[in-house]
Amino acid sequence: MATGKLNPSHYPAQRAAKVVQHYLNTRYGSPYRLFGLHQVHSGHAEDVADSGRKYQLEISVQEFIRNITEKCSAEVLFQRGEKLNSPEVQVSCEELLKINTKAQEDTLYQQYKMSQSLSAQHLPDSHGNIEPDMEPFWHLGIVAASFVMLNESTENTLYNVAQVANVTQLETENEQLKFDYTILLHDIVSQEILHWKLLFTWSPSEGVKVLQMEQLPRCHCEKPPGTP
């Protein structure tokens, strides 16, 4: 792995910056607030004694739903050792975190707390389309999948969410909406589609809490839209 100044468009900087995206979504993402990497402006990598490799980044992060972009500073530490832990992330994106989605989230929460009837497949469908009332659950799937992508990330990985294969709402538990999702992740390095089953809860006050995540056996399935 290269050290020193990095080419912002090359994989080492892009992979580290993508980890920042996953981290922001696990901490601050919601059905109405979703973060993505817009651009890497600069990057620097260094070995840190026995700890691992640290990346210092200047990036632009986009909040997709409102199309707002902010330039942020971030630091990512990929740890060394037999047991690989999630990368450690520090990031400063103050303006994006001020986006207030409380009213929308409260409305969605009350609607589905009462009905408990959500069941959907293929978000997006084979043509890349999503019904407007399902968009919050596509966003929620990306937020939940970000826990998997952050946990699985190393200096040699790069992931995107390809599709929510299916989502089922379960019985509300402790005032938290509860969901069973099957999510398809695009492993960009290997070009494989990985199937993950996620059980998680969500509420406006508590955010997403992942209860279980399990990678399902590989299958030779038809690729979802938007993948090579």
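The values are calculated or read from the model by the stated rules, or taken from the named source; none is laboratory data. This is a predicted model, so every value here is computed, not measured. Glycine gets a Cβ as well: all are built from the backbone with ideal geometry, and neighbour counts include every protein chain shown. Please note that ligands, DNA and RNA were not included when accessible areas were found on the heavy atoms of the full protein model with its side chains. Shrake-Rupley method; radii C 1.70, N 1.55, O 1.52, S 1.80 Å.
Can you pull the Rg over Rh of the range 134-222, Cα-only, Kirkwood?
That ratio is 0.98, to two decimals.
Alpha carbons only, please: Rg and Dmax for the chain, in angstrom.
Here Rg and the maximum Cα pair distance are 17.7, 55 Å.
So what's the angle, to the nearest 10 degrees on a 0 to 90 scale, between helix 102-115 and the longest Cα principal axis of the chain?
50
Given springs between every Cα pair under 10 Å in a Gaussian network model of the chain, which of Met134, Met114, Met213 has the largest fluctuation?
Sorting by GNM fluctuation, first place goes to Met114.
Note down the relative contact order for the range 107-219 as a percent, whole number, built from C-alpha pairs under 8 angstrom at least six residues apart.
22
Can you tell me the 0 to 90 degree angle between the C-alpha axis of helix 11-28 and the longest principal axis of the chain, rounded to 10?
That works out to roughly 40 degrees.
Fully extended, how many nm does the chain gain between Asn151 and Glu135 (0.36 nm per residue separation, minus their Cα-Cα distance)?
Once the chain is fully extended between Asn151 and Glu135, it gains 3.3 nm.
Calculated FRET efficiency, Ser51 and Gln191, Cβ-Cβ r, R0 22 Å, to nearest 0.05?
After rounding, the FRET efficiency stands at 0.10.
Carbon-plus-sulfur fraction of the accessible area of the chain, 1.4 Å probe, in percent?
The value for the chain is 46 percent carbon and sulfur by accessible area.
Rounded to the nearest whole Å², what accessible area per residue is found for the chain with the 1.4 Å probe?
51
Take the alpha carbon atoms of the range 108-124, find their center, do the same for the range 1-56, and report the distance between the two centers in whole angstrom.
If we compute the Cα centre of each part, the gap is 33 Å.
For Phe147, what accessible surface area do you get with a 1.4 Å probe? Give it in Å², rounded to 10.
The value for Phe147 is about 50 Å².
Among Gln62, Val89, Ser126, whose Cα lies farthest out toward the positive end of the dipole of the range 1-130, if unit charges sit on the beta carbon of Lys, Arg (+1) and Asp, Glu (-1)?
Ser126
Give the long-range amide H neighbours of Glu192: residues separated by 5 or more places, or on another chain, with amide H under 5 Å away, using H modelled in the peptide plane at 1.01 Å from N.
Asp187
At what distance in angstrom do the alpha carbon centres of the range 66-94 and the range 175-210 lie from each other?
20
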